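Heads up: the structure comes next, in structure tokens.
The values are calculated or read from the model by the stated rules, or taken from the named source; none is laboratory data. These figures come from a predicted structure and were not determined experimentally. Reconstructed Cβ throughout: ideal geometry from the backbone, glycine too, with neighbour counts over all protein chains shown. Accessible surface areas use protein heavy atoms only, side chains included; no ligands, DNA or RNA. Shrake-Rupley method; radii C 1.70, N 1.55, O 1.52, S 1.80 Å.
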Amino acid sequence: MTNALIIVDVQNDFCEGGALAVDGGTAVAGRIAELLGRGAEAAGFDHVVATQDWHIDPGAHFSANPDFVRSWPVHCVAGTHGSAWHPALAPVAGAVEAWVRKGRYEDAYSGFEGRALTPSASEAAEPGPSDPVPGEPLAAWLGSRGVSQVTVVGLATDFCVKATALDAVGLGLDVTVRPSLVAAVHPDATEEVFAQLRAAGVSISR
Ligand SMILES: [Zn+2]
């Protein structure tokens, strides 16, 4: 069985000090870096992909008076420091085979709404104006590599991790979310989100 690790949106704006910081985001970045510290294979993964919220003009997704449910402060503007991968992950950027950017002109919570790019890891990890032409959708990228099992980690539990995990189940993949490697916008909702995911067929386990 071929598997993949999907690292969701571990970007500066979603970590402490960022425009839309999630409590515990930086710690999650550090733990994912530890997981991949000896390489993807040693961590038990055949493939590793990373998603990035990547906004140019996402309409009502941005608001001056955000409700933190459907509208948000300006965040993850394409090519800015806020949209860059968290620096704690820089040592393991080489393990990432594909960067999946989503949300250029709309909101996009699931990584499956994005398309896989193949820029160099450093290009994706550093802020800059470069935004290569989008490649294939994430589902096609995984499918062409025979991936049938995915582990979803990252930020945030109650939005993009949840949406990505549910879409993966919908595609017929075997899906695991690791609770130690996610953090929520609304931590009080975490158990409810895990219950929803379990009900959909997602394993919540280490
Ligand atoms: Zn966004």
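How large is the accessible surface per residue of the chain, computed with a 1.4 Å probe and reported in Å² as a whole number?
Working: 8590 Å² over 206 residues.
Counting only protein heavy atoms, the per-residue value for the chain is 42 Å².
Could you give the size of the charge dipole of the chain about its Cα centre, using +1 on the Cβ of each K and R and -1 on the Cβ of each D and E, expressed in debye and rounded to the nearest 20?
Values: 12 positive and 24 negative charges, 83 e Å.
Approximately 400 debye in magnitude.
With only Lys, Arg, Asp and Glu charged, each at its Cβ (+1 for the first two, -1 for the last two), find how big the charge dipole of the stretch 23-127 is about the Cα centre; round to the nearest 20 debye. Intermediate results must be reported in sequence, preceding the final value.
Details: 7 positive and 13 negative charges, 5 e Å.
So the dipole magnitude of the stretch 23-127 works out to roughly 20 debye.
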Checklist entry - At a Förster radius of 22 Å, what calculated FRET efficiency corresponds to the Cβ-Cβ distance of N65 and E16, to the nearest 0.05? => result 0.40
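At 1.4 Å probe size, with the rest of the protein present, what percent of the exposed accessible area of the stretch 4-97 is carbon and sulfur atoms?
Numbers: 1970 of 3720 Å².
Result for the stretch 4-97: 53 percent of the exposed heavy-atom area is carbon or sulfur.
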Checklist outcome for this item: Bounding extents of the chain in its principal axis frame from Cα atoms, largest first in Å, are 46, 38, 28
Checklist entry - Mind listing the phi-derived Karplus ³J(HN,Hα) values for the stretch 142-156, rounded to whole Hz, using 6.51, -1.76 and 1.60 with θ = phi - 60°, and x for any glycine or proline? => result 5, x, 5, 9, x, 6, 10, 9, 10, 10, 10, 9, x, 10, 9
